[in-house]
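Below is one structure; the comments refer to it alone.
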Amino acid sequence: AEVNAARQALAPQAYAQRSDHLAIVAAFNGWVAAKADGGRGAGFEFARQYCLSEQVLEAIGKGRLDFAETLQQKGFLPEWYTNHMQQLQRQGPSPDDCASNGLSGAEVYGLRAVTPSAPDEYSHNARIVKAAICAGFYPRILRVEAPVKYQQVQGGAMRVEANPASIKFFERNLGRVWMHPTSVCFSAGSYPSGWMVFTQLVQTTRAFVREASMVPLYALLAFGGELEVLHDQGLLLLGISRYREGGCVE
């Protein structure tokens, strides 16, 4: 409970967006900002406070820069931007950025593009980031089956979130899977899009998904496999939609 509370305090938007991947970004960004502001001691204290591993964070930073250099060598990133990444990773966001937005360093770091049309122009847009994850990891897709619940209010009824324990997740080859308790999605009571992309699944007593993000429907339309138009039914069928009961592919 203490770990989950710390994570939610660090990355509230990740919980709102149903995204473990955005939570990882916030954790890394906050650690970089803490080190830039107060040195390695502050980075260590940040990791301790939010139950993070500094070794893992350091590995993320190294992998991030290595990947950027690879993209630069292949012509996808300009050299100035790779240099900017290195500088930002060392120094973190400026205090002015944090103050002007009323946000923590974890939320500000990487929030705004360097310049219009820069490679990170849409890095602040959670829907686009999650769409990119969907494109990279398709077909690691989950179908979400959540009971529909309504609460009577004055003038009608309002849809409310379901009990998280009643929500079911299906992977098209494995059938039903379960959300791992360490996921930010574990306590979510609704998934408006009804679909998720996952990047880590572990098999213990059950098949548990540890890293997942709710996927926007337009991302699935763009990256969800073959499209089939059912003119007589007025439907557009995606490749991932071919599920039977239990989550198998037809």
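The values are calculated or read from the model by the stated rules, or taken from the named source; none is laboratory data. These numbers come from a predicted model, not from an experiment. All Cβ positions, even for glycine, are placed from backbone atoms using ideal geometry, and neighbour counts span all protein chains on display. Surface areas here come from the heavy atoms of the whole protein model, side chains and all, with no ligands, DNA or RNA. Shrake-Rupley method; radii C 1.70, N 1.55, O 1.52, S 1.80 Å.
Being over 28 Å from E121 (Cβ atoms), in a helix (DSSP H, G or I) and without any contact (Cβ under 8 Å) to a residue 24 or more places away in the chain: is that true of A68 here? No: the conditions fail for A68.
With the requirement that a residue be surrounded by fewer than 19 Cβ atoms within 10 Å (Cβ to Cβ) and in a loop (DSSP other than H, G, I, E, B), what does region 18-61 give you? Correct list: C51, S53.
For N173, all conditions in the list (1) at positive phi; (2) exposed (fewer than 12 other Cβ atoms within 10 Å of the Cβ) hold save one; what is the number of the exception? All conditions pass for N173, except number (1). Within region 130-145, residues that are more than 13 Å from R172 (Cα to Cα) have Cβ atoms under 8 Å from residues that are in a loop (DSSP other than H, G, I, E, B) and of a type in the set (S, T, N, Q) in these pairs: K130/Q17, counting only partners at least 6 apart in sequence or on another chain. Within region 80-89, restricting attention to residues that are closer than 19 Å to K62 by Cβ and open to solvent by 70 Å² or more (accessible area, probe 1.4 Å), the residue that is modelled with the highest pLDDT is N83. Check V129, V184, V144 and return the single one that is open to solvent by less than 80 Å² (accessible area, probe 1.4 Å), among the β-branched types (V, I, T) and assigned to a loop (DSSP other than H, G, I, E, B). Just one listed residue meets the conditions, V184. Applying the set (1) more than 24 Å from Q8 (Cβ to Cβ); (2) surrounded by fewer than 17 Cβ atoms within 10 Å (Cβ to Cβ) to A165 leaves exactly one unmet item: (1). Of all the numbered requirements in (1) surrounded by fewer than 20 Cβ atoms within 10 Å (Cβ to Cβ); (2) assigned to a strand (DSSP E or B); (3) of a type outside the set (D, E, K, R), Y122 misses one, and that requirement is (2).
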